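**Student:** Attaching a single structure in structure tokens format; questions to follow.
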Amino acid sequence: MRGTLFVNPRSGAGGPSVEELVGAAAEIGVTVHVLRDGEDLVELARAADGEVLAMAGGDGSLGAVAQVAIERDLPFVCIPWGTRNHFATDAGLAADDLPIALAAFGGSERRVDVGRCGERVFLNNVSLGVYGRLVHRREQRRRRDEAFARVRAFAVSLWRDRRWEREFRIDGRAIRASVVLVSNNEYVDELASLGERERLDGGVLALYAARGLRRLHWSERTGRRFRIEARRPMHAALDGEPVVLASPLELRVDPKALRLLVPPAVGTESGQTHASPANS
């Protein structure tokens, strides 16, 4: 399939170089656009030629191109290229095997869910409260070219200023929480470390709310949509990217909206993301 692959050169972490990625993609006939400062990724994706849109980058940039793929009803290829690659991992894609990742251009199509915050797509989650504020502080430090501090150091500073817990209203019910996280499908096992999701096609959002900081006490629920209100704008992380969101937030799942192409090497166990039939 002819396609256009966008590459975020800042996202690569210890894997193949940008030059290696560009060369490997060119060998299979894929057009590559390496992003430059100031370029609008969404507008570039909307104007791109080809039958497939693809992104090599972290989770935040993946979501931007995936949203355009949905708008244009085009298949989407995810090339793991970030630090954590949560979406790629949950989709069964190996983060350290470039040839297999690029083989998705000739692979099979799987329909997977996306979340929406308003009309903005998220592939993993939207985080409010402590984690959202940590991401904003991390971004501020990155922009000043300072050393990347550990999350523990951020948490200590938040503990000292005593502003880490706030009031939210979720579907009309008031709660106090230090963290509210809404994910595209449910996490399993270690939520606190953002564990994996068994599937990306379950058709639900999962909402997790926690009180405390040193000892978190989680509550959770699932649903097709949630409405979250707060008294002031919310510092949040959307797929790990810092954003400021106005109240109220309308979050919903868009079932099987994304036409994800996966390599032939990805398994086909029933019921999981890399297993579900293309249009089941």
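**Student:** Restricting region 104-130 to residues that are at pLDDT 95 or above and among the acidic types (Asp, Glu), which is farthest from the chain's Cα centre (by Cα)?
**Tutor:** Ranking the qualifying residues of region 104-130, first place goes to Glu109.
**Student:** Would you tally the residues in region 227-242 being in contact with a strand residue (DSSP E or B) (Cβ under 7 Å, 6 or more places away or on another chain) and without any contact (Cβ under 8 Å) to a residue 24 or more places away in the chain?
**Tutor:** 1
**Student:** Could you please let me know if Arg111 is in contact with a Lys or Arg (Cβ under 8 Å, 6 or more places away or on another chain), surrounded by fewer than 19 Cβ atoms within 10 Å (Cβ to Cβ), assigned to a strand (DSSP E or B) and among the basic types (Lys, Arg)?
**Tutor:** So Arg111 fits the description; yes.
**Student:** Give region 253-270 a look and list any residue that's more than 30 Å from Pro99 (Cα to Cα) and either touching a helix residue (DSSP H, G or I) at 6+ places or on another chain (Cβ under 8 Å) or surrounded by fewer than 18 Cβ atoms within 10 Å (Cβ to Cβ) (or both), or say none.
**Tutor:** Within region 253-270, just Asp254 meets the criteria.
**Student:** Select the strands (runs of 3 or more DSSP E) contained entirely in region 192-260, then report the ones holding at least 1 residues which are modelled with pLDDT under 95.
**Tutor:** Qualifying strands (runs of 3 or more DSSP E): 205-211, 217-223, 234-238, 241-245.
**Student:** Tell me the strands (runs of 3 or more DSSP E) entirely within region 1-75 that contain at least 3 residues that are among the small types (Gly, Ala, Ser), within 22 Å of the chain's Cα centre (by Cα) and surrounded by 15 or more Cβ atoms within 10 Å (Cβ to Cβ).
**Tutor:** In region 1-75, 52-57 are the strands (runs of 3 or more DSSP E) which contain 3 or more residues that are among the small types (Gly, Ala, Ser), within 22 Å of the chain's Cα centre (by Cα) and surrounded by 15 or more Cβ atoms within 10 Å (Cβ to Cβ).
The values are calculated or read from the model by the stated rules, or taken from the named source; none is laboratory data. Just so you know, these numbers come straight off a predicted model, no measurement behind them. Note: ideal-geometry Cβ built from the backbone for every residue, glycine included; neighbour counts use all protein chains shown.
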